[in-house]
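Reading through the structure tokens given below for one structure.
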Amino acid sequence: MSSDSYSTPRELTTEQTYLQSNTLGSGNHSLLDNCVSCFGSTEVTPAYVALYVSAILGVIITVCGNLLVIISVCHFKQLHTPTNVLILFLAVTDFFVGIFVMPLQFIWLIESCWFFGTTVCAFFNFVSFHLTCASVHIVALIAVDRCMALSNPFFYSNKITANLFVIVASLNWVFSMAYNFALLYSNGFFTHALALCPYDCLIIVNEIWSWVDFVVVFVLPCSIMIILYLIIFAIAKRHANAIRAANSQGNPNAGKNDHMPKRSERKAAKVLGILVSVFLLCVVPYYIASVIPGSINTQLFNDVLNYTSALLYLNSLFNPIIYALFYPWFQKSMKLILRCRICSPDSSLMNVK
């Protein structure tokens with residue numbers, strides 16, 4: 001690939017074949033073949049139907065799951081905490097991913113063609129860039145929040161408020177919109193043709209911006225999150241050791257109850273491990289694939305990028321499960337919402353913890 005045409009890591013790169021074909025000198029013929037191939041009728045097979053059914057279910061679960069989180073945190077005053085504010089902003093971000101990004105992405109992936117025109121292409125790419133960036137940074141902010149709460153609980157309880165995190169999360173959204181607008185504008189997204197073919201949604205990002213984007217959206221937040229969760233593991237282990245030591249000194253038979261702090265320690269480690277592992281499972285494959293030269297195998301490279309980009313957006317499906325369903329308060333509030341108990345007077349004051 002030429003040095004002045006580099007596909008951004010967050011690009012949905014069905015068009016990667018087009019870029020490489022042009023670079024190798026066979027562009028017009030390849031582009032025409034790809035455009036014409038979109039006119040062919042698609043055979044409706046069981047696998048084809050299964051893909052659409054799976055896509056629809058994924059979108060429904062993403063939208064409904066995040067909507068439940070939004071309603072829970074907004075309605076019940078007991079849930080108006082700093083941590084839940086970040087969970088709320090994450091749910092809002094993932095809700096918009098489920099509404100605006102996932103349906104178009106799944107159709108594009110299944111059909112291998114873009115059927116929605118240049119205007120929708122512009123909207124789709126800007127929204128997907130913005131929401132991906134905002135979501136990753138909010139996950140990192142959740143790690144910061146948990147680390148502060150454990151490392152300095154007195155400062156956290158006295159200085160960190162829900163209103164403060166509303167401001168922080170709002171600034172994160174503003175930064176994400178401004179940054180992605182600058183990225184796309186600098187690469188001619190708003191001033192040049194968006195597609196080389198009516199059935200393509202192409203973005204070309206220069207190499208400098210692509211690596212800047214790689215660092216800002218992937219390297220920095222993921223590094224912060226991993227480091228902070230390692231600190232959280234260390235703090236949790238230190239707390240468990242202190243509890244065991246105190247029990248041993250105060251009660252000669254405390255050794256019989258050593259399994260209690262050990263069980264709590266294992267539970268905390270398990271939850272944090274799931275948080276980190278699922279997030280990285282969704283994000284890392286695409287970013288690794290995006291920095292591999294496409295000339296290795298054009299078709300394989302395209303397929304890998306398309307499927308890993310779908311996995312990247314599926315993180316919005318997993319987030320309400322990971323960041324909400326692990327908490328008992330969400331399970332209680334979800335039951336109240338589904339039973340329409342929130343319609344009763346003073347329902348916002350119900351105890352859900």
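Peptide packing: for 171-183, 275-287, the average count of neighbouring Cβ atoms within 10 Å per residue gives the ranking 275-287, 171-183, highest mean first.
Pairwise Cα distances in region 61-188 exceed 26 Å for 32 percent of all pairs. Accessible surface area normalised per residue over region 32-176 is 45 Å², counting heavy atoms of protein chains with a 1.4 Å rolling probe. Between Tyr307 and Thr81, the C-beta separation translates, for a Förster distance of 41 Å, into a calculated FRET efficiency of about 0.65.
Taking the average, over residues, of other Cβ atoms within 10 Å as the packing measure, peptides 236-247, 107-118 rank 107-118, 236-247 from highest down. The distance separating the Cα centre of region 44-113 from that of region 318-351 comes to 18 Å. Taking packing as the residue-averaged number of other Cβ atoms within 10 angstrom, the listed peptides 91-103, 68-80, 336-348 run from highest to lowest as 91-103, 68-80, 336-348. Once both labels are positioned 7 Å from their Cα atoms along Cα-to-Cβ, the gap between Ile235 and Phe175 label points is 2.0 nm.
The values are calculated or read from the model by the stated rules, or taken from the named source; none is laboratory data. Since the structure is predicted, the reported quantities are computational estimates derived from the model, not experimental observations. Ideal geometry is used to build each Cβ from the backbone, glycine not excepted, and the neighbour counts take in all protein chains shown. What goes into the accessible areas is simple: the full protein's heavy atoms, side chains included, and nothing from ligands, DNA or RNA. Shrake-Rupley method; radii C 1.70, N 1.55, O 1.52, S 1.80 Å.
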